[in-house]
Number of protein chains: 4
Amino acid sequence: MARTIGSNGARTAEAIRQAGVTLIYRHGYEAMSLRQLAAEVGLQSGSLYKYFDNKQSLLFDIVREHMADLLAKAEADLAGIDDPMARLKAFSAFHLRYHMQRMAHVFIANMEIRSLDDDHRAMVVGLRRRYENLLEDTLRAGAQAGVFRIAEPKVATYAIISMLTGICMWYRPGGRLSQDQLVDIYTGLVVDGVTGPQGLTAAAERHRALA
Amino acid sequence: MARTIGSNGARTAEAIRQAGVTLIYRHGYEAMSLRQLAAEVGLQSGSLYKYFDNKQSLLFDIVREHMADLLAKAEADLAGIDDPMARLKAFSAFHLRYHMQRMAHVFIANMEIRSLDDDHRAMVVGLRRRYENLLEDTLRAGAQAGVFRIAEPKVATYAIISMLTGICMWYRPGGRLSQDQLVDIYTGLVVDGVTGPQGLTAAAERHRALA
Amino acid sequence: MARTIGSNGARTAEAIRQAGVTLIYRHGYEAMSLRQLAAEVGLQSGSLYKYFDNKQSLLFDIVREHMADLLAKAEADLAGIDDPMARLKAFSAFHLRYHMQRMAHVFIANMEIRSLDDDHRAMVVGLRRRYENLLEDTLRAGAQAGVFRIAEPKVATYAIISMLTGICMWYRPGGRLSQDQLVDIYTGLVVDGVTGPQGLTAAAERHRALA
Amino acid sequence: MARTIGSNGARTAEAIRQAGVTLIYRHGYEAMSLRQLAAEVGLQSGSLYKYFDNKQSLLFDIVREHMADLLAKAEADLAGIDDPMARLKAFSAFHLRYHMQRMAHVFIANMEIRSLDDDHRAMVVGLRRRYENLLEDTLRAGAQAGVFRIAEPKVATYAIISMLTGICMWYRPGGRLSQDQLVDIYTGLVVDGVTGPQGLTAAAERHRALA
DNA sequence: CATGAATGAGCCTTCATTCAT
DNA sequence: TATGAATGAAGGCTCATTCAT
């Protein structure tokens, strides 16, 4: 049969993308079959190839678009905020809210990097690096300004991002705690972590070790 | 051909297990084929079935054994430590060291839970729950004793474990920082996070929201 | 989009036919896809069906038209030549020149007969038979007139045509030898072959064998 | 089901090879499906991959083995024959007999070179070149000795081989003419072709053109 | 203990073809 | 005249798994 009345390429493309996100989130990229995906959007599996070149490029499109969006929104959110503490709080809040709202995309971007081709992976890792730098630069600035006590800004960056991203592992909408409350709690942990006295201890520890 | 002198089932079983961990870590459970695994240990793929029932049970064995080991070692490490702060530091140090030393197992246990059958997954999640409780109970005890300022012990548990586990995402042996230094740095972040003033702020925030 | 100014069906049909010849020559009928063909002429593959009924009929059209053209031109070239030797030379020269000039068509007609439907193949083989008869009749006439020494005119027909057609396997325009020179060389081989003494030997051999 | 009683890898491999030759001969390489081939030998299509790496390598194996065999047998047949005329007759007879007996292999080797990968094709063309040289060298030797009248040995080589190979296009076992008779007839054409007076004519023609 | 031949299901992908617009 | 969305069949190929030997 030819074109179903009212069907529409753009709509189908969007349906495929969304179903792709859902299925990869649920089963993993390797475990998702294109037959499944096609069934989800009411097509034959071969018809999907009107919308992407191959399974790999579907994954790449999803991940890259997500990473680009994450980076752009973060930069927009932080634009104009100069004070390190304010930037840190803004970053933390942004990261948490974004991750609670787009859990599937985030999950995929974190878990399926391994399934990307080398070239594709390099591009995605590059975007992630730029995102991480938003935090790392803030931490360094705050450390220099004396408002943060951080022995190793890079380590702290990884630690903080891991902690915040971890919310995807358990958060479910409609739970006991609101998104605002969670933002407060997590951000509190972050702020205390980079301002507390142990930061110095660790630094002292490190210098002693090098001596 | 006769049995190679000195070869035996137990040794082969162990080789399969190790190769399985390596390959799943590298390629993911779905992407690893039993042909690959068999080649790695010098067998025909059909011969693997002397050592496990099916691919799924290989994964389950690896993950369950890892989780059981993690739990047992953690309990052993914390045994006899009553002071909440000491327990927290001990837990943090244990978790970090274990994760830096057995990165492949940890990675698999975190990433491939999705690939487990429902029953198998339930068992593994149960073990994980018991492990998390070691930390959660410590946090609650410390909060009640007034030494920690924690609004939501469960949330803090997830946050801390995510942060600490995140070390697997970037740590490589032989890097600039030693394991001891990393333990200091991460543990410093944890301790500051649960003792800092923001913990109260968050709690106040939460109560206000509920009012 | 409106019709491109000056474009018209006949021109497109011809473009399709030419692209078809090129692609079938290059990749083979089975290996050529209609998508490729459509791309070559700047259409969507579905649009090709305005110009032919199906892939098979495209092949048939090309082959039949080629065979009809070959036959018609050969007949025209030989018209009015009665002397067997003159006819043989004329046939040889015609065949060689035609094959050097339309190598792609010739190649397709020879190689892709196998890909034709039974009915289509029968029609093409019929045309080819008529073409071969032009040579075979000449050989018989020459043999009867005593100018050729040929034991088996039918075999000689096949042999000569194979030899002459073989030029397509290696001839490339612009090579060391001109078309005229090649015509001389090949025609020399043909003429010597049907006038030399071995023709009788072979005939004697045959009669002895039957005795 | 596991191994059928009495089944045997070597036997299956041979059955696959033979069925492959038959099917490629009948339908062409592109048109033959591995499902067809598997059905012919009573297997599932995936099982074929125990016996070759992929469809392409099946074709290559068949073609290369054929070319190697052709070359080896031809060299064996001509070994010890020094006289150019005797060598020419021996080559002609060998070529004809081989082609009448292994028509399918010959057909495939000639028709499906196009379907080979570039590297594979290069190897096969190399073998073919060596085979052609057996004839070309003989023609040159005979021309130098004054027993052949050949303007262009390379052209004559192609012409003769094409003529002889053409027997595959129509020969069917059990026809009116025996293989011996056909060898006589074709060889007579060849011998007359390279000894007749026209060979000189062509040479003269060529020199005139160059002048 | 291990092989190796085989299965049957399923994979991603390409194809010729159709037809409402 | 041409598009472009879609079909349904089939393609080559890989996989986990079985089992006689």
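Descriptive notes on the structure:
- Under Karplus coefficients 6.51, -1.76 and 1.60, residue-wise ³J(HN,Hα) of region C:48-57 in Hz, glycine/proline x: 4, 6, 6, 10, 8, 6, 6, 4, 4, 6
- The modelled label-to-label distance between C:Ala122 and B:Arg129, using points 7 Å beyond Cα along the C-beta direction, is 7.7 nm.
- Farthest towards the positive end of the charge dipole of the protein assembly as shown, among the residues D:Ala72, D:Gly196, B:Leu177, is the Cα of D:Ala72, using unit charges on the Cβ of Lys, Arg, Asp and Glu.
- Evaluated with a Cβ-only charge set (Lys, Arg +1; Asp, Glu -1), region A:42-160 carries a dipole of roughly 260 debye about its Cα centre, given to the nearest 20.
- A crude spin-label estimate for the pair C:Gln44 and C:Leu200, with each label 7 Å from Cα along the Cβ direction, gives 7.3 nm.
- Helix A:179-195 axis, angle to chain A major axis (alpha carbon atoms, nearest 10°): 40 degrees
- In region A:1-51, Cα pairs under 8 Å separated by at least six residues give a relative contact order of 31 percent.
- Computing FRET efficiency as 1/(1 + (r/R0)^6) for D:Ser57 and A:Ala31, where r is the C-beta to C-beta distance and R0 is 35 Å, gives about 0.70.
- Relative to the Cα centre, the charge distribution of the protein assembly as shown, modelled as +1 at Lys and Arg Cβ and -1 at Asp and Glu Cβ, gives a dipole magnitude of about 420 debye.
- At the residue level, A:Glu14 shows approximately 80 square angstrom of accessible surface with a 1.4 angstrom probe and all protein chains present.
- An oblate overall shape is assigned to region B:105-211, the ratio a/c of its alpha-carbon gyration tensor axes (a ≥ b ≥ c) being 1.5 or greater and a/b not exceeding b/c.
- Inter-copy label distances for D:Ala15: 3.4, 4.7, 5.3 nm (label point placed 7 Å from Cα along Cα→Cβ; shortest first).
- Candidates B:His120, B:His105, B:His27, ranked by Gaussian network fluctuation over chain B, Cα under 10 Å, top entry: B:His27
- Cβ-based net charge around B:Ala76, under 15 Å, with every Lys or Arg adding one and every Asp or Glu removing one: +1
- Electrostatic dipole magnitude of chain B [Cβ: Lys, Arg +1; Asp, Glu -1; Cα centre; debye, to 20]: 380 debye
- Whole-number accessible area per residue in Å² for the protein assembly as shown, which is evaluated in the context of all protein chains at 1.4 Å: 48 Å²
- The solvent-accessible area of D:Cys168, taken with every protein chain present and a 1.4 Å probe, is close to 10 Å².
- Shape call, region B:92-145: gyration tensor on alpha carbons, a/c limit 1.5: oblate
- Copy-to-copy label distances for B:Gly42, where each label lies 7 Å from Cα along Cα-to-Cβ, are 3.7, 5.8, 6.5 nm in order of increasing length.
- Note: relative contact order over chain B, using C-alpha pairs below 8 Å and six or more positions apart, is 21 percent.
- The 3J(HN,Hα) values that the Karplus relation (6.51, -1.76, 1.60; θ = phi - 60°) gives for region A:28-38 are, in residue order, x, 4, 5, 7, 6, 9, 5, 5, 4, 4, 4 Hz. Gly and Pro appear as x.
- A Gaussian network model of chain D, with springs between Cα atoms under 10 Å, assigns the largest mean-square fluctuation among D:Met169, D:Met123, D:Met100 to D:Met169.
- When the accessible areas of A alone and B alone are added and the area of the pair subtracted, with a 1.4 Å probe, the result is around 3500 Å², both sides summed.
- Size descriptor for region B:1-52, Kirkwood hydrodynamic radius: 11.4 Å (Cα pairs only, one decimal).
- Overall form of the protein assembly as shown per C-alpha gyration tensor (a/c, 1.5; a/b vs b/c): prolate
- Reach of C:Lys89 by Cα under 17 Å, taken over aspartates and glutamates that are not fewer than 8 positions away in the same chain: C:Glu75, C:Asp77, C:Glu132, C:Glu136, C:Asp137, C:Asp180, C:Asp184, C:Asp192, D:Asp192, D:Glu205
- Restricting region D:122-184 to chymotrypsin sites (Phe, Trp or Tyr not before Pro) in coil, as DSSP defines it, with at most 15 other Cβ within 10 Å: D:Trp170
- For the rotation carrying A onto C, the chain A residue whose Cβ lies nearest the axis, with the distance in whole Å, reads A:Gly46, 3.
- Derived scalar couplings ³J(HN,Hα) [region C:134-151; Karplus, 6.51 cos²θ - 1.76 cosθ + 1.60; whole Hz; x for Gly, Pro]: 4, 6, 4, 4, 5, 5, 4, 4, x, 5, 5, 6, x, 8, 10, 10, 10, 6
- Copy-to-copy label separations for B:Ala72, where each label sits 7 Å from Cα toward Cβ, in nm and ascending: 5.3, 6.1, 9.1
- Counting every alpha-carbon pair across chain D, the share separated by more than 22 Å comes to 58%.
- C-alpha long axis of helix D:84-101 to longest principal axis of chain D, angle in °: 30 degrees
- Just the protein heavy atoms count here, and of the accessible area of region D:1-51 at 1.4 Å, carbon and sulfur take up 50 percent.
- Considering only C:Ala90, C:Ala38, C:Ala79, the Gaussian network model of chain C with Cα springs below 10 Å gives its largest mean-square fluctuation to C:Ala79.
The values are calculated or read from the model by the stated rules, or taken from the named source; none is laboratory data. Here the structure is a predicted model, which means the values were calculated and not measured. Note that each Cβ is placed from the backbone with ideal geometry, even for glycine, and that neighbours are counted across all protein chains shown. Note: areas computed on protein heavy atoms with side chains; ligands, DNA, RNA excluded. Shrake-Rupley method; radii C 1.70, N 1.55, O 1.52, S 1.80 Å.
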